[in-house]
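Student: To start, I am sharing the structure in question, which I have written as structure tokens.
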Ligand SMILES: [Zn+2]
């Protein structure tokens, strides 16, 4: 096996936990679970084999679900609110948010970033209230950052 980026044959099985992947509509999805893949020891490029895409998908989906659960727990804790209040701020139904939280459904990258913003920027939570004027979605655009 050769690295497609640098041509090196120095490739080893390695845990890629903490690395970010371009995945579906995510420009960066961080794997927060342990995941063993082939990594080029020269340029750090990750080389996935044909049969491994399901493994990668599962690890990324599990990582996204976990980050969603952490973000929701943090918002509930710091804002002392219910999950339905978070759903209304995100502009999704409480049912959809439960599905995302359980991992049955994946959030869009935009929704995922919005949720992270609410979790790590207390001001964003206030501004995103449906009662907030002017239009909270316009206001939120200023806060939403891609990390
Ligand atoms: Zn390489």
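Only the coordinates and a few stated rules stand behind these numbers; no lab work does. As the structure is a computational prediction, the values presented were derived from the model and not from experiment. Neighbour counts are summed over all protein chains in view; Cβ atoms, including those assigned to glycine, are modelled from backbone coordinates with ideal geometry.
Student: Along the Cα-to-Cβ line of residue 22, 7 Å from the Cα, sits a label point; which residues in segment 107-122 have backbone N less than 20 Å from it?
Tutor: 108-113
Student: How far is the Cα center of segment 78-116 from the Cα center of segment 41-65, in Å?
Tutor: Each part's Cα centre sits 25 Å from the other's.
Student: Can I ask one more? Would you mind getting me the FRET efficiency between residue 13 and residue 58? Use the beta-carbon distance for r and R0 = 22 Å, nearest 0.05.
Tutor: 0.80
Student: Relative to the first principal axis of the alpha-carbon coordinates of the chain, what is the inclination of helix 109-120, with its axis defined by its Cα atoms, in degrees from 0 to 90 and to the nearest 10?
Tutor: So the helix axis and the longest Cα principal axis differ by about 60 degrees.
Student: Where is the GNM fluctuation largest for the chain (alpha-carbon springs, 10 angstrom cutoff): 51, 18, 91?
Tutor: Fluctuation is largest for 51.
Student: Report the relative contact order of the chain, percent, no decimals, based on alpha-carbon pairs under 8 angstrom and at least 6 residues apart.
Tutor: Over the chain, the number comes to 17 percent.
Student: Moving to a separate point now. For the chain, just list the percent of Cα-Cα distances falling in each 5 Å bin from zero outward, please.
Tutor: Reading upward from the zero bin: 2, 9, 17, 18, 16, 12, 8, 7, 6, 4, 1, 0.
Student: Round to the nearest 10 and give me the degree value, 0 to 90, for the angle of helix 53-79's Cα axis relative to the longest principal axis of the chain.
Tutor: The answer is roughly 30 degrees.
Student: For residue 102 and residue 80, calculate 0.36 nm times their separation in residues minus their Cα-Cα distance, and state this gained length in nm to one decimal.
Tutor: 5.8 nm
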